[in-house]
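Below is one structure, written out as structure tokens; comments come after it.
The values are calculated or read from the model by the stated rules, or taken from the named source; none is laboratory data. It should be emphasised that the depicted structure is a prediction, and the values quoted were computed from it without experimental measurement. Neighbour counts are summed over all protein chains in view; Cβ atoms, including those assigned to glycine, are modelled from backbone coordinates with ideal geometry. Side chains included, ligands, DNA and RNA excluded: accessible areas come from the protein's heavy atoms. Shrake-Rupley method; radii C 1.70, N 1.55, O 1.52, S 1.80 Å.
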Amino acid sequence: MIGARGWLFALIGLLLVACQPPATDVWGPVINFGTIQHDQPPAIMPTSQGTVFVWSDADATEARLYAATARKPATILALPTTISYQHSTYPALNDNAHLLWIDQPLDEGPRLMAATYSPDLIALTGPIKLSRRDTYHYAAASLPDGGLRIVWTSGFISEPTLYTLTIDGMGRPSFAEEVRFFVTHPALVRDGRGDLWLFWLWEGDVYRGRLVDTALEDVEVVTSDVALQRGDYLDAFYAVMDETHTYLLWQVSRADGSWDVQWSIGTKVGDVWTPPRPLAFAVDPEATVQTGFNSGTVQAARSGSNANLLQLARPLPGQNRSVPLSVVTQGEEATTIGVLYLQNGALLGYQSLAGATVLRAPTIAADPSLYLTLAWGQLGPAGTTLNFITSQPDTE
């Protein structure tokens, strides 16, 4: 649901929509594949039969979970839902996919749910209720066997408790285990060696620990948390890696109605961390860079003078050669969606992709051939449309 502040942003967005720049020719065209009644972007899952998008909406009678591809229209997944949000999707066995979301069943508080679906848009298992108490945030990481390691926070809001379990490649969960008290905003990332690193926030600090089965090892404070003033709100907290560094990202909604993105960098060897600071970049139009992804021409990016502050950002999960972020920047005349790349503890490159009016950063995914796809909900005079753009030379 969009609160009062969200409706204000939406009104501003509708006033700006007429002056949005067209999509660039860096990638393909922006493609519309549906409509929604809220601002949550769809989850993205590349498969051998095409990229699948999953989202929630409602028909004339009840709330629904939908899936679509570039060539298959919106299909209702046979997964009952009430109020679903925070959708995410991960590869399972046999080209199928895991789907996670938070729902609010009748007469209950928010619960973490799971299911699996096939690339031809058929629900295979679920919905399975993973959490049994009020649930606030969750994170997950793919395992080599097609399964998932999942963590979430539940319980009293003043004393949130971290829980974990695994789901196998067929979508069958293990029993949930309690891991640690006093954890908010867990972020989970699997490194190149297969170790799972959990980051979380508590009372002004960022903690890190290595998650081994259901226990946390080597727990320590790595840096400070972002300072929030009265009326500010932390929308999301992320942790991602490249081959040399870890990056922490805070998506903050400020009391004055603005957004900003803070980031912190830590070395993977030596444990040197920076305090969080605003993420901003400037483009060098005379230089291009290689990112390790099949994403076309990427201009070099740097910090310094004439930097563009990010309003919204969402990273590609996990560890990659470089770290692509779907980002939203506000220029003098229009709002632009693009991809900002990080590598070796610094800004690497940037691509401006399309004009948009959004309230959330686009979701971002990479297929096995390292083509990137972004998807978002575009605010417009007639409602919110679902759009995507991809670096693939052919959309299916």
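Quick notes
- Across the chain, the mean sequence separation of Cα contacts (distance under 8 Å, 6 or more residues apart), normalised by length, yields a relative contact order of 16 percent.
- Here region 49-164 has 55 percent of its accessible surface on carbon and sulfur atoms, given a 1.4 Å probe and all protein chains in place.
- The ellipsoid equivalent to the alpha-carbon distribution of region 174-227 has semi-axes of 20, 14, 9 angstrom, derived from the gyration tensor eigenvalues as √(5λ) and listed largest first.
- Principal semi-axes in Å for region 39-175 [√(5λ), Cα gyration tensor, largest first]: 24, 19, 11
- Heavy-atom surface of region 35-131, accessible at 1.4 Å and reported per residue (Å²): 40
- Computed with a 1.4 Å probe over protein heavy atoms only, the accessible surface of region 165-255 comes to 47 Å² per residue.
- Using only alpha-carbon positions in region 135-252, the gyration tensor eigenvalues give semi-axes of 23, 17, 13 Å once each is multiplied by 5 and square-rooted (largest first).
- Structure-derived log10 I(q)/I(0) by the Debye sum over Cα atoms at q = 0.06 Å⁻¹: which label, when the choices are (1) -0.49; (2) -0.24; (3) -0.21: (3)
- Accessible area per residue for region 342-381, computed on protein heavy atoms with a 1.4 Å probe, is 27 Å².
- Region 148-155 - phi-based ³J(HN,Hα) in whole Hz, Karplus 6.51/-1.76/1.60, Gly and Pro as x: 9, 9, 10, 10, 7, 10, 9, x
- Amide H contacts for Thr125 (H built 1.01 Å from N in the peptide plane; partners 5 or more residues away or on another chain; cut-off under 5 Å): Thr116.
- Summarising the amide proton neighbourhood of Thr223: residues at separation of 5 or more, or on other chains, whose placed amide H is nearer than 5 Å comprise Val206.
- Under 5 Å from the amide H of Asp284 lie the amide H atoms of Ala300, Ala301, Arg302, each residue being 5 or more positions distant or on a separate chain, with H modelled from the backbone and absent for Pro and chain starts.
- Taking the charge dipole of the chain about its Cα centre, with +1 at Lys and Arg Cβ atoms and -1 at Asp and Glu Cβ atoms, the residue from Asn94, Leu309, Val298 reaching farthest to the positive side is Asn94.
- The helix-based estimate of mean residue ellipticity at 222 nm for the chain, built from -39,500 (n - 2.57) per DSSP H run of four or more residues and divided by its residue count, is -1000 deg cm²/dmol to the nearest 500.
- Accessible surface of region 170-292, 1.4 Å probe: 49 percent of it comes from carbon and sulfur atoms.
- By average C-beta atoms within 10 angstrom, highest first, the peptides 223-229, 258-264, 247-253, 342-348: 247-253, 258-264, 342-348, 223-229
- Couplings for region 193-200, taken from phi via the Karplus curve 6.51 cos²θ - 1.76 cosθ + 1.60 with θ = phi - 60°, read 8, x, 6, 9, 10, 10, 10, 7 Hz in order; Gly and Pro are left as x.
- In sequence order, region 232-245 has phi-based couplings of 6, 9, 8, 6, 7, 9, 10, 9, 9, 9, 10, 6, 10, 9 Hz under the Karplus curve 6.51 cos²θ - 1.76 cosθ + 1.60, θ = phi - 60°, and Gly or Pro positions carry x.
- The protection proxy used here, the mean number of other Cβ atoms lying within 10 Å of each residue, ranks peptides 32-38, 324-330, 308-314 as follows, highest first: 324-330, 308-314, 32-38.
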